[in-house]
Structures are given as structure tokens and as C-alpha cells.
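Here the structure is laid out as C-alpha cells; the discussion comes afterwards.
What follows draws every value from the coordinates through simple rules; no lab data is involved. From a predicted model like this one, the values you see are computed outputs, not experimental measurements. Reconstructed Cβ throughout: ideal geometry from the backbone, glycine too, with neighbour counts over all protein chains shown.
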Amino acid sequence: MITYARQNSEEQTDVTLPAAEDHIAPAPRVSVQAFCETVETAAAVQSAGEDRRLAKAHLKIQMGGLPAAVEAYRSAPTPNVIILETEGRNDVLTGLDQLATVCDAGTRVIVIGKVNDVTLYRELVRRGVSDYVIAPAQAIDVVRAVCSLFSAPEAKAVGRIIAVVGAKGGVGASTVAHNVAWAIARDLALDSVVADLDLAFGTAGLNYNQDPVQGIADAVFSPDRVDTAFIDRLLSKCTDHLSLLAAPATLDKVYDFGTEAFDAIFDTLRTTMPCIVLDVPHQWSGWTKRALIAADDILIVAAPDLANLRNAKNMFDLLKASRPNDRAPLYCLNQVGVPKRPEIAAGEFAKAIESDPIATIPFDPQIFGSAANNGQMIAEISANHRAVEMFLQMAQRLTGRAETKKPKGSFLSPLLEKLRAK
């Protein structure tokens, strides 16, 4: 949250601007150069450059502040974004006037300063400064300032990626991912797409009762063709708000991918879909690690045994350390209560991972098996099953939406429902 001081002839008051939204869209491939005056700010900018949302940006840091920037660009072209730190008031306005004489058209400027005054802010805006950050700046402040330059205000909610992965094979991570995506689309009325990343053995097509001719394999094997129109043709519509980017689930090819193989697909989906749910297979490779770290939110699905506890903790710790400016990953326990099977209690999981599970889904082979064999979601098989409410709560938590968008019924609704049932 940034606070500016507003001055007038009678009094001085503070104007508090609202905090930025939790979701920050990543920046495109741009060049960013920072000219810092303090080691603390340089460290914050350096840390921001390691954030996943600036992974595509090329960042360079120099000391010397505004004078160094003016001198540097006398004989060199300016980058897409310039970050300038200044400790004064008058010198920043004079320096910006000098910088304007050597700055290329289209270059955006972010100023980091200690002066907390709305009059100065207006002068900076009048000179074309894109953003002003009050020092001491944190890494997330720099990330937000750079990324917001390339995000349209009306598109802030677009492009949230949710990655769901199992701590171990066979724990039902795909089932959880598909049911959570169903809840996001149906109950939250948010346009969503499920991307099945398990190209050899993916089950999203079966679970949604879809058999599309094309899918995600066509995109990943033809990276030069990937654009909005191409991806739209590959999507299979499941409901009004839910689409599927299905896996071929065939073994005629070997699915070995480079680390950045799915980047173009994810970037294109971000521009067209408010919510993308990634069904990440249980494997550890360069591209799966990259997909998890680059996601806006992560859900780890684990069964209550020792191997799952070890794997979940390892994944939780690594992802948390790799994403210092993001929310910590979330996890849920699935298949809890298998008869005669010794299990590790949820409290032991919470103690080891230092975080409580967001849901504990009971073992119910009858309902889950019927849903899988029929190509349906749990809500379609049994609308009142307790797992349905859990999937909705996870959908709300992962999307940051606390309330559902169900249509309001009249006072006659209960009677009409009974008549329909008869």
C-alpha cells in the first residue's frame, strides 16, 4: 500500500491508496534497467528480477541513480522500462528533464523515492513517469510496478493459473483437479479451461466424457502455430463456462519436452481465459517444475501415508522457497479412511508441513468409482455429497472468491423442486 501526502493552503493529510490485488499478471519479454542509489534498493530490485512474474524480463542493475542514467543513455538506446531511485525532490525533476532529452519514445519510467508528497507525484506524472514507489521498496513492490505497466486495468482478473499435482502417483490428483475446475466454472460462473498435461495417460477426456480429435499435443508439437485462434480450435467445450484442452492418451509418441515447451500455450491461454487449471502429472522434470513455479496458485494432493508426507513436504518446501513473493502452496488430503489401512493423521501432516490441509476428502469408492466410470463429476452423481462442498471451498480458496454466484430462487423454489422430483 502506497500513501501520498496531500498538501493544501490549510492542512496536510495523508491519502491512502488501496492495496494492489493479490493476482499480478506476469510481464512479457521486456528489457528493464535499474539505476539505484542505495544497496537496499538494489537488493530489492535484484530479488524482484528472480520472481516468476519477471522471468521473461531481462533485468540489469547499476548504481548511481538518475545522473548515471542520463549519462548512460547519451550514447545508448533506452530499454522498455527504466527504474530510477532518487533521494531528493528538486534533483529528481531536474534529472527527469535531462533524461527526457536522451530517452527514446515508448520507454516507461518508474521512480523510487523517499518523498511522500502528492504534489511531487503530480509533477512526476506530468513529466510522463509511469509509477512512483515509496522507499524503502520491497521486491513485491517492484514486481507489481513493472507488471502493472503491461496489464490493462480491465483485465486484472484474466489469466490466473492454478496447478494441481499429486504428491504420489494414484492419489487422485486428477480427480480433484477436474472437480475443482467444475466447481469454478459452475458455482463461481468463471470461464475456465482444464489443461491435461499428462499426454500419455491423461484422464480429463474420460472424466468429462469428451473424446476430442485435437488437443494439447497439437499445440505442443507445433509451437510456431500457437496463437489465440489456434488454441480456441483445440478446446473442447464441456459446459457453458468450462472447456478442456485434452491429452491424446496414446503411446505412439514419446513425450519428452524441453523446459519451455508449454510456455507459449500457457501465455496464450492467459490472454483468453480468466482461469486455467493445470492437471500436472506426477513426475519431476524441467517443464513440470517450471509449470508449478510459474502458476499463480498450487494445490498438492496427498494420501495419508508416509511416502506422501515426505513427498508433499519436499514439494511444499521447494515451491515455497522458489516463490518468495507468492502465497505458499496449498495441499489437501484425499482417500482418507480406507478400511484397515494404517494412516497418518491430518494433524501429523500439518505439524510436518507447518500448514493445515485445506480439505480432507473421505474415501468413498462407490461414488468416486461411479463418477469415473460414467464420465461425470461428483456433483452430478450426488449433489449433496460432502466432497462437493469441499471442492467448492477449494475452488473459492484457489481463485480468491469467497462467495458463489448461484442465482437467487423465490420462496416457491422448495415447492417447485418437490413437484419436479415427483
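Laid out as a table, the results:
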read-out: Full-stretch length increase - Phe150, Val213 - with 0.36 nm per residue and alpha-carbon distance subtracted; value: 19.1 nm
read-out: Where labels lie 7 Å past Cα in the beta-carbon direction, separation of Arg233 and Arg386 in nm; value: 4.9 nm
read-out: Extreme residue, positive dipole direction of the chain, given options Ala321, Leu99, Gln214 (C-beta unit charges); value: Gln214
read-out: Nearest-0.05 FRET efficiency for Ile358 and Asn314, computed from C-beta distance (R0 25 Å); value: 0.85
read-out: Total lysine pairs whose alpha carbons fall under 21 Å of each other in region 245-404 (8 or more apart, or interchain); value: 4
read-out: Answer label for Cα extents along the principal axes in Å (calculated), chosen among [x] 87, 42, 38; [y] 77, 57, 44; [z] 92, 51, 49; value: [y]
read-out: Globularity index of region 19-133, i.e. its alpha-carbon radius of gyration over 2.2 N^0.38 Å; value: 1.03
read-out: Ala321 versus Ile367: modelled label distance in nm, points set 7 Å from Cα along the beta carbon direction; value: 3.9 nm
read-out: For region 61-105 versus region 295-310, the gap between their alpha-carbon centres in whole angstrom; value: 48 Å
read-out: The chain: angle of helix 386-399 to the longest principal axis, Cα-based, in degrees nearest 10; value: 10 degrees
read-out: Protection-proxy order for peptides 228-239, 243-254, 336-347, each taking the mean of Cβ atoms within 10 Å per residue, highest first; value: 243-254, 228-239, 336-347
